[in-house]
Amino acid sequence: VVLVCGHTVSLDLRRLCTLADVRAELQNTLQMDGQAFGIFDSNGSALANDAQLQQAVEQGLTPLGATLPDEQDGDEVPHRQWRLLQDQVLSATELIATLERQVNSLRQEIETCVQRQHRLEGSVQSRAPSPALGHEQQVPAEVAERVTAVGEQLHWLRDAFEQLSAEKTAHGQDLGVQMAALEEVRAELDLERRVREALEGQCAASTRALEEQLHAASAYHGDMLREHVEAFKNVTK
């Protein structure tokens with residue numbers, strides 16, 4: 001799986017052994033021919049060669065991330081990590097939404113099966129021997145088979161529902177962890193911005209003070225030079 005531009009692209013990374021193969025597959029899948037995607041591992045570290053790509057896949061540093069060339073200019077690791085976390089959150093959100101739809105569908109199927117089983121049980125009971133008749137009646141074999149089949153299907157649907165619910169809970173926890181990491185990176189970026197602004201303000205103030213000192217020194221030396229010239233003229237008269 002590769003996260004790129006807010007989309008999740010499924011790639012067979014075991015088959016695509018080189019960065020060129022990965023870029024070509026992304027270009028073909030996204031219909032973005034000629035785009036030189038930058039490839040990163042799940043930690044936001046750039047993959048510069050095929051060996052680093054294979055190492056990232058073997059160490060499980062996936063899903064990989066990909067950025068467009070105009071997103072790479074002046075990029076720093078925290079910014080790449082922030083974008084990768086955003087893509088991961090979007091991917092997890094889409095997966096949770098898919099699981100929710102599957103859970104709702106299974107819930108409806110379970111309710112339908114329960115209703116069908118109740119109807120079949122009622123049908124079986126209505127065909128059961130009546131004490132007032134004084135003789136036994138046999139339940140049709142096909143009805144019994146249908147009840148058994150519906151019961152098995154109901155058990156399967158319940159197991160599938162529980163499995164999907166567990167996956168939904170797990171992905172929800174992963175999403176919470178990723179959101180916390182995203183907030184941490186965002187706080188680091190905000191702190192970096194404030195520090196940079198403070199340094200820029202200090203540099204601007206120091207520059208203005210230095211310019212004022214240079215201007216004062218220039219004016220002072222100009223006055224001194226004029227005084228010396230006048231004195232020299234007076235002496236030579």
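Values in this text are rule-based calculations from the coordinates and carry no lab data. It should be emphasised that the depicted structure is a prediction, and the values quoted were computed from it without experimental measurement. Every residue, glycine as well, gets a Cβ built from its backbone with ideal geometry; the counts of neighbours run over all protein chains shown.
I need the trypsin sites (Lys or Arg not before Pro) found in the stretch 3-65, filtered to DSSP loop residues with at most 11 other beta carbons within 10 Å of theirs.
When the trypsin sites (Lys or Arg not before Pro) of the stretch 3-65 are filtered for loop state and at most 11 Cβ neighbours within 10 Å, ARG14, ARG15 remain.
Mind checking the alpha-carbon convex hull of the stretch 2-75 and giving the volume per residue in Å³?
Considering the Cα atoms of the stretch 2-75, their hull volume per residue is 84 Å³.
Among residues other than ASN104 whose Cβ falls under 14 Å from its Cβ, what is the net charge (Lys/Arg +1, Asp/Glu -1)?
Net local charge, ASN104 excluded: 0.
Just rank CYS17, CYS203, fewest to most, by other beta-carbon atoms within 10 angstrom.
Ascending Cβ contact count within 10 Å gives the list CYS203, CYS17.
With the contact rule set at Cα under 8 Å and sequence spacing of 6 or more, what percent relative contact order holds for the stretch 2-75?
That works out to 38 percent.
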